[in-house]
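Input: a single structure, listed below in C-alpha cells.
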Amino acid sequence: MRKWRLWIGIAISLVCLALALAGIEWDQVGVALRQADWRYLIPAAASLLAYLLARSVRWRILLGPEVSLAETFAVTNVGYLVSNVLPFRLGDPARAVAIGLGGKLRTSAALSTVVVERVLDMLMVVLLLALTVPFVGEAGWTREAGMLGGAAALAALAVLVVLAQRPEWGQRALQWGLARMRGVLPSPSVGGGVGGGGRIDRACPEPALSVVEGRSRGERWARTLGGLLDGLAALRSARRTAGLLVWSVVVWAFVVGYYFAMLWAFLDRPSLVEGSFLTCAIGLGMALPAAPGAVGVFHSVARYALQLPFGVLEEEAILVAFASHAFQYVLVCLLGLVGMARQNLSFGRLRSDVATTLEKE
C-alpha cells in the first residue's frame, strides 16, 4: 500500500511539473532572472525564520512548559527536513516521535498536538482566503477548495474542542467500539466448530488467546486514547486557546510576508493581494499527494495562482515558483540538519521509530 502511495505521489508531481513548465520560453526566464532584485531575499529569509519561530511558540503552547522553546524550534525544523527528503510526508509524525524521545511527553499526546496545529492552519488559510478573494478577479478552484477545507477544519476543531472539554465522551466511544469488536472476536466453538457437535472443545486454546489478545489490544487503545486526550489539554484553557489563535495569525502573517518578499524580488511592484492569494493557493494545494518536498505540485500551483488571476507573465510566475520553493527548501533543510544534531537524531532511527509508532498508535 505504501509503495502505491509513493508512486501515485511521484506521478502527480511529474504531471504537475509538466504543467508548470508548459509553454515557458527559457530565454525570457533568463532575462527576468538577470533583472531580479536579490536584496529582497533578506526580508524573505527573515520572514521564514520568524515563521518557524512563531510555529515553535504555538506548538509549545500545545505541548506545555515541560518542553523548551529551543527544543520545539529544533524539532519543528527536523519535521520539515523529513518531509522534504522522505516520502509519505512523515514530518509531522516525525516531530511527535522526536519530542517523545525526550521522555517529557508521550508520543500519542504529541501526535494530537500536531493534529490541532494542522486544523488551525487550515482555518487560517480559509480565513485569509475569505479576506483575499473579494479583491481577486478569477479565483478558480481556490474558492471551492477553501469552502470545503473551511467546513472540514471547523468540524475537526469542534470535535477536538469537545474531546478536550469532555474526555469521558471519547473514552465511552472507545469502550463502545471495543464492545462491538468483542462481538466479532472468535468465540468458543459451538455447533460444528473446532470442537464440533455443539460442545466447547476444552483442548482448543484459540478462544482463550482471543480473549487475552482482545484485552491487550483494548488496553493499548485505551492508553493511546489517553495520550491523545492529554495532547488536547491546551484547548481546555480559554487563555491557552486564545494564545493559539493569536499565534496562528502571527504564523500566517509571516508566511504572507515571505511570499510577498519573493514577489518583490522578481516582479515589478506586486500587490499584497498577490502575496496573500499565492499563500492561500499554495496552502490548499499542498493537500495533494506529491513526491518529497512537494516538487511539481508547489510549482504548478504557484505559477497558475499568479498567472491566471493577475496576468503575471508565465516566465516570471515560474521563476517566482522555483525561487520561492528552492530558497525555503535549502534554508529549512539546513536548519533541520542543525536540529537533528542538537537532538542527537539520525534519519535511520527517526524513520524506524516513526514506522513503529504509526503501527502501534
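Tallying residues that are surrounded by fewer than 24 Cβ atoms within 10 Å (Cβ to Cβ) and hydrophobic (A, V, I, L, M, F, W, C) within segment 271-280 yields 2.
To keep it simple, each residue is scored yes or no on (1) more than 30 Å from residue 109 (Cα to Cα); (2) buried (at least 16 other Cβ atoms within 10 Å of the Cβ).
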{"position": "269", "(1), (2)": "yes, no"}
{"position": "283", "(1), (2)": "no, yes"}
{"position": "288", "(1), (2)": "no, yes"}
{"position": "292", "(1), (2)": "no, yes"}
{"position": "299", "(1), (2)": "yes, yes"}
{"position": "328", "(1), (2)": "no, yes"}
{"position": "334", "(1), (2)": "no, no"}
{"position": "338", "(1), (2)": "no, no"}
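When we screen 34, 55 for residues that are surrounded by 17 or more Cβ atoms within 10 Å (Cβ to Cβ) and either basic (Lys, Arg) or in contact with a Cys (Cβ under 8 Å, 6 or more places away or on another chain) (or both), the only hit is 55. The set of residues in segment 1-37 being part of a loop (DSSP other than H, G, I, E, B), closer than 17 Å to residue 303 by Cβ and in contact (Cβ under 8 Å) with a residue 24 or more places away in the chain consists of 23, 24, 25, 36. Each residue in segment 16-51 was checked for being β-branched (Val, Ile, Thr) and at pLDDT 95 or above, and 1 of them qualify. Cβ-Cβ under 7 Å, sequence separation 6+ or interchain: first residue in segment 80-95 and farther than 15 Å from residue 287 by Cα, partner of a type in the set (Lys, Arg). Which pairs? Within 7 Å, the pairs are 86/351. If only residues of segment 260-301 that are in a helix (DSSP H, G or I) and β-branched (Val, Ile, Thr) are counted, the one that is nearest to the chain's Cα centre (by Cα) is 282. Of everything in segment 93-113 that is crowded, with 20+ Cβ neighbours inside 10 Å and not small (Gly, Ala, Ser), the residue that is farthest from the chain's Cα centre (by Cα) is 105. Output the residues belonging to segment 245-282 that are under 12 Å from residue 120 (Cα atoms) and at pLDDT below 95. Once the filter is applied, which keeps residues that are under 12 Å from residue 120 (Cα atoms) and at pLDDT below 95, segment 245-282 yields only 245. Just name the residue that is nearest to residue 50 (Cα to Cα) out of those in segment 340-356 that are surrounded by fewer than 18 Cβ atoms within 10 Å (Cβ to Cβ) and among the hydrophobic types (A, V, I, L, M, F, W, C). This residue is 341.
For segment 74-92, a tally of residues being in contact with a Gly (Cβ under 7 Å, 6 or more places away or on another chain), surrounded by 20 or more Cβ atoms within 10 Å (Cβ to Cβ) and among the polar types (S, T, N, Q) returns 2. Residues considered: 281, 291, 326. Of these, the only one that is in contact with a Gly (Cβ under 8 Å, 6 or more places away or on another chain) and either within 22 Å of residue 95 (Cα to Cα) or not aromatic (Phe, Trp, Tyr) (or both) is 291. Against the condition in contact with a Gly (Cβ under 8 Å, 6 or more places away or on another chain), surrounded by fewer than 21 Cβ atoms within 10 Å (Cβ to Cβ) and either part of a helix (DSSP H, G or I) or modelled with pLDDT under 95 (or both), how does residue 308 come out, does it pass? Judged against the criteria, residue 308 is a match.
Taking residues in segment 237-263 that are within 12 Å of residue 58 (Cα to Cα) and buried (at least 18 other Cβ atoms within 10 Å of the Cβ), and partners anywhere that are charged (D, E, K, R) and modelled with pLDDT of 95 or more, the pairs with Cβ atoms closer than 7 Å and at least 6 places apart or on different chains are 244/58; 247/58; 248/58; 251/55; 251/58.
The values are calculated or read from the model by the stated rules, or taken from the named source; none is laboratory data. Small disclaimer: the values here were computed from a predicted structure and weren't measured. Positions of Cβ are generated from backbone atoms using ideal geometry, with glycine treated the same way; all protein chains shown enter the neighbour counts.
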